[in-house]
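Chemist: The structure follows.
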Amino acid sequence: MCTWLSQRVEAHGAARGVPDWMKITAINVMYDHPVSAPYDHALLLDFIDPSQGVGARVGIELSATSARELVRAIEAALSSPEATSDLQQQAHI
Amino acid sequence: MLKDALLAEFVGFPGHRSDVIEGYLARPVSESSVPGMVLLHHAPGLDPWSREVVRRFATEGYACVAPHLYHRRGPGHWADVAAAGRAAGLAASMPNEQVMGDIAGAAAYLRAQPSSNGKVGVIGFCSGGRQAFLAACDVPTLDAAVDCWGGSVLPQPAAEGRPASVGVIGRAPDMSMPLLGLFGNDDSNPDRAQVDEIGRVLTELGKEHEFVRYDGAGHAFFVTDKPVYRLEQALDGWQQVFRFLDRTLKGAE
């Protein structure tokens, strides 16, 4: 199945990336002072692989509004009929 | 003398248990002897704003070093090192004993510089404010301390994702130097009642302290790259900081 279902949400924040694909084994989630995004507090997401050192990190800092929009879009993507049907067949994911 | 000439660079010096840690140093280029300042960065780490403040101290006639308090989580870019530290929580990433050892090391490093006048103070922001408060009680080689909106000086209950904290107020009987505290009245940690309580304890113990409290300001109101910055309060706050330090570290009246 190839769903081609995509959504774009407006976002305000900052990101710190890596040059190529990396494996991730954990996600840290905080609501605290951001480093770069121009807010007093923000939703901080770090996609990491601690076994590869502290630089194995994709860091995202989102405004609270953007973070809520992202959650809504993720929920919508996972609850689409195609995804619901597919997930019933792939319970391990 | 060329006014405002300064030298700024990353340096290494022995911290807690003689571990060599990195720090960001700025000092005036001058033949005069100058006091030292240890700057404790806020929770986001040794970020551009913290380094800017280090350089500001140099322009005001202080040799200033900011130990990278997350250093042991590295190596790596300061922001990645800080992210790893923050995720582990305050107690694990910056244990009090380790931070106090790093502050003592930074103070010794500053005092060993040929231009030192022998005096060294400490200033900290946010989590660094609490650490500056504790240093005033735990690092007797310091001569003065400035706590900028340090949270969790008093005991804090546990919250989801954060363990309870016993605070550092219990160490107040050991405070051995003058303390200046700056606080925004709209802050929630420490809030007004908590600042009242900290002041009450210090007064009861007869500890030399001065608290300056600002209406219309919350947490971190010196931080120029965030919306919480408050121009008028920050300008006055910096005047208070240098008035206090010029008196305690430079002998100015």
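We did not get these values from a lab; they are worked out from the coordinates using the rules stated. This is a predicted model, so every value here is computed, not measured. With ideal geometry, Cβ positions are generated from the backbone for all residues, glycine too; neighbour counts draw on all protein chains shown.
Chemist: For the protein assembly as shown, what is the charge dipole size about the Cα centre, in debye to the nearest 20, if Lys and Arg each add +1 at the Cβ and Asp and Glu each add -1 at the Cβ?
Modeler: Taking the Cα centre of the protein assembly as shown as origin, the dipole is about 520 debye.
Chemist: A follow-up question, please. Helix A:64-78 versus the longest principal axis of chain A: what is the Cα-based angle in degrees, 0 to 90, to the nearest 10?
Modeler: 20 degrees
Chemist: Gap in Å between the Cα centre of the range A:1-33 and the Cα centre of the range B:148-180?
Modeler: Here the answer is 36 Å between Cα centres.
Chemist: So, one more: What does the helix-only formula give at 222 nm for the protein assembly as shown: each DSSP H stretch with n ≥ 4 adding -39500 (n - 2.57), the total divided by the residues, and the result rounded to the nearest 500 deg cm²/dmol?
Modeler: -10000 deg cm²/dmol
Chemist: In the range A:12-93, which trypsin sites (Lys or Arg not before Pro) fall in coil by DSSP and have 11 or fewer other Cβ atoms within 10 Å?
Modeler: Those satisfying the criteria are A:LYS23.
Chemist: Another question, then. Quick check for me: using +1 on Lys/Arg Cβ and -1 on Asp/Glu Cβ, what's the dipole size of chain B about its Cα centre, in debye to the nearest 20?
Modeler: 380 debye
Chemist: Suppose R0 equals 25 Å. What FRET efficiency, 1/(1 + (r/R0)^6) with r the Cβ-Cβ distance, do B:ASN185 and B:LEU231 give to the nearest 0.05?
Modeler: 0.95
Chemist: Continuing with the same structure: Applying a 10 Å radius around every beta-carbon, put B:171-184, B:57-70, B:151-164 in order of their mean neighbour count, most first.
Modeler: Packing proxy ranking, top to bottom: B:57-70, B:171-184, B:151-164.
Chemist: For an R0 of 56 angstrom, estimate the FRET efficiency from the Cβ-Cβ distance between A:SER51 and A:THR84 and round to the nearest 0.05.
Modeler: Approximately 0.95, to the nearest 0.05.
Chemist: Sticking with this one: Report the residues of the range B:46-62 in range of a label on B:VAL11: point 7 Å along Cα→C-beta, backbone N strictly under 19 Å from it.
Modeler: Counting only backbone N, you get B:46-47, B:50-62.
Chemist: How well do other chains shield peptide B:72-84, expressed as the mean number of their Cβ atoms within 10 Å of each residue Cβ?
Modeler: Average per residue, whole number: 5.
Chemist: Moving to a separate point now. Counting only complete DSSP H runs, which helices of chain B cover 20 Å or more along their long axis at the Cα atoms and score a mean Kyte-Doolittle of -0.5 or above?
Modeler: Result, helices passing both filters: B:96-111, B:231-250.
Chemist: Placing +1 on the Cβ of each Lys and Arg and -1 on the Cβ of each Asp and Glu in the range A:13-89, which of A:ILE27, A:LEU87, A:SER66 has its Cα farthest towards the positive end of the resulting dipole?
Modeler: A:ILE27
Chemist: To one decimal place, what Kirkwood hydrodynamic radius in Å is obtained for the protein assembly as shown from all pairs of distinct Cα atoms?
Modeler: 21.7 Å
Chemist: Can you give the % of DSSP beta bridges in the protein assembly as shown that are antiparallel, to the nearest 5?
Modeler: So the antiparallel bridges amount to about 55 percent of the total.
Chemist: Let me ask something additional. Using a ≥ b ≥ c from the Cα gyration tensor of the range A:13-89 (square roots of the eigenvalues), is it rounded, prolate or oblate, where a/c under 1.5 gives rounded and otherwise the larger of a/b and b/c decides, a/b for prolate?
Modeler: Oblate, because a/c is 1.5 or more while a/b does not exceed b/c.
Chemist: Could you give the dipole magnitude of the range B:123-208 about its Cα centre, charging the beta-carbon of Lys and Arg +1 and that of Asp and Glu -1, in debye to the nearest 20?
Modeler: 140 debye
Chemist: Going 7 Å from the Cα of B:ALA92 in the Cα-to-Cβ direction, what parts of the range A:47-61 have a backbone nitrogen less than 20 Å from that spot?
Modeler: A:47-60
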